[in-house]
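The values are calculated or read from the model by the stated rules, or taken from the named source; none is laboratory data. Keep in mind it's a predicted model, so treat the numbers as computed, not measured. Here the Cβ positions follow ideal geometry from the backbone for every residue, glycine too, while neighbour counts run over all protein chains shown.
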Amino acid sequence: MKPILPLLLIAATTSAQQPTAAALAKRVDDHYNHLQSLQAHYAERYQGMGLDRTETGTLTLRKPGRMRWAYDAPAGKLFLLDGHDAISYTPGDAQATRFPEKELDDLRSPLRFLLGHTELAKELDHLSLAPASQNPSGELYTLSGTPKGMSQRLQSLSLTVNAAGQIQSMRVQEVDGSQTTFTFSNMRENIPTTGSDFNFTPPSGVSIVDGTAPL
């Protein structure tokens, strides 16, 4: 018969080391809500519909509500929020598409909760926590849930975070079985930014048209 006390001590230590979903979500809130700006390199991988595609670039966020995804592969592709409208542009197109931010349901939109006054526990339904996969050190965790108002399109949103609440990656699982994973690196917090960083200046010959939000 195995001694009971050592087993109880091991269980207590494991419990103490792993935070609850609510506690870790609060750390994420606290970490990002006090920031004024954030920049990170990202790799965006889409898997589904017979495709497996990876694009990379630089993400810049600025409070309140400004976001810029500047792709370097494919070079020149751009998606941004200026605080009121969203702009989507792909090099080679004759037009860039503009639409009201309130209509935004793009897969990148869950990151809008950063640099604000978010409460992840209220943003995500059925919030759960598990140790991150492929994480031998046990220092990363995955918070998962369904973004409110997006259950008809998204099955789940998963954030891989460290114990301090810093986001390492985000995975979006759609109801059709496809998934998009954003992996972040070289994160820089509270960097200098200006409003012009989030404005779109169309290339020569490119016009801006109003349209529907991109998928």
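Give the residues of region 13-44 that are exposed (fewer than 14 other Cβ atoms within 10 Å of the Cβ) and either at pLDDT below 90 or under 17 Å from the mean Cα position of the chain (by Cα) (or both), sorted by residue number.
Within region 13-44, Thr13, Thr14, Ser15, Ala16, Gln17, Asp30, His34 meet the criteria.
What's the number of the only condition in (1) touching a helix residue (DSSP H, G or I) at 6+ places or on another chain (Cβ under 8 Å); (2) more than 19 Å from Ser133 (Cβ to Cβ) that Gln166 fails to meet?
Only one criterion in (1) touching a helix residue (DSSP H, G or I) at 6+ places or on another chain (Cβ under 8 Å); (2) more than 19 Å from Ser133 (Cβ to Cβ) is unmet by Gln166, namely (2).
Would you check if Arg45 is in a strand (DSSP E or B) and either farther than 26 Å from Pro100 by Cβ or of a type in the set (Val, Ile, Thr) (or both)?
yes
Residue by residue through region 72-87, note down the ones that are out of contact with any Lys or Arg (no Cβ under 8 Å at 6 or more places or on another chain) and closer than 20 Å to Ala40 by Cα.
Asp72, Ala73, Pro74, Ala75, Gly76, Lys77
So if I check each of Asn186, Asn190, Asn199, which one is over 15 Å from Val28 (Cα atoms), in contact (Cβ under 8 Å) with a residue 60 or more places away in the chain, touching an Asp or Glu at 6+ places or on another chain (Cβ under 8 Å) and surrounded by fewer than 16 Cβ atoms within 10 Å (Cβ to Cβ)?
Just one listed residue meets the conditions, Asn199.
So, restricting to strands (runs of 3 or more DSSP E) that lie completely within region 129-207, which ones have at least 2 residues that are of a type in the set (A, V, I, L, M) and within 13 Å of the chain's Cα centre (by Cα)?
So the answer is 154-162, 167-174.
Of the conditions (1) in a strand (DSSP E or B); (2) under 25 Å from Pro192 (Cα atoms), Pro64 fails just one. Which one is it?
Every listed condition holds for Pro64 apart from (1).
Kindly establish whether Gly149 is under 18 Å from Leu59 (Cβ atoms) and out of contact with any strand residue (DSSP E or B) (no Cβ under 7 Å at 6 or more places or on another chain).
no
Out of Gln173, Gln179, Gln168, Gln95, which single residue is in contact with a Lys or Arg (Cβ under 9 Å, 6 or more places away or on another chain), at pLDDT 85 or above and not small (Gly, Ala, Ser)?
Exactly one residue qualifies, and that residue is Gln179.
Of all the residues that make up region 141-183, how many are among the aliphatic types (A, V, I, L, M) and surrounded by fewer than 17 Cβ atoms within 10 Å (Cβ to Cβ)?
3
Report whether or not Ser128 is modelled with pLDDT of 85 or more, more than 21 Å from Phe184 (Cβ to Cβ) and surrounded by fewer than 16 Cβ atoms within 10 Å (Cβ to Cβ).
So Ser128 fits the description; yes.
Give the residues of region 138-160 that are more than 15 Å from Val175 (Cβ to Cβ) and of a type in the set (D, E, K, R), sorted by residue number.
Glu139, Lys148
Give the residues of region 45-64 that are free of Cβ contacts under 8 Å to residues at least 60 places away in the same chain, basic (Lys, Arg) and surrounded by 14 or more Cβ atoms within 10 Å (Cβ to Cβ), sorted by residue number.
Answer for region 45-64, where residues must be free of Cβ contacts under 8 Å to residues at least 60 places away in the same chain, basic (Lys, Arg) and surrounded by 14 or more Cβ atoms within 10 Å (Cβ to Cβ): just Lys63.
Output the qualifying pairs, or none if there are none: Cβ atoms under 9 angstrom, residues six or more apart or on different chains, first residue in region 20-33 and at positive phi, second residue at pLDDT 90 or above and part of a helix (DSSP H, G or I).
Filtered contacts from region 20-33: no entries.
Cβ-Cβ distance below 6 Å, separation of 6 or more or different chains: which pairs start in region 83-94 with a residue that is of a type outside the set (Lys, Arg) and end on one that is surrounded by 15 or more Cβ atoms within 10 Å (Cβ to Cβ) and assigned to a loop (DSSP other than H, G, I, E, B)?
Gly83/Gly65; Ala86/Leu104; Ile87/Phe200; Ser88/Pro214
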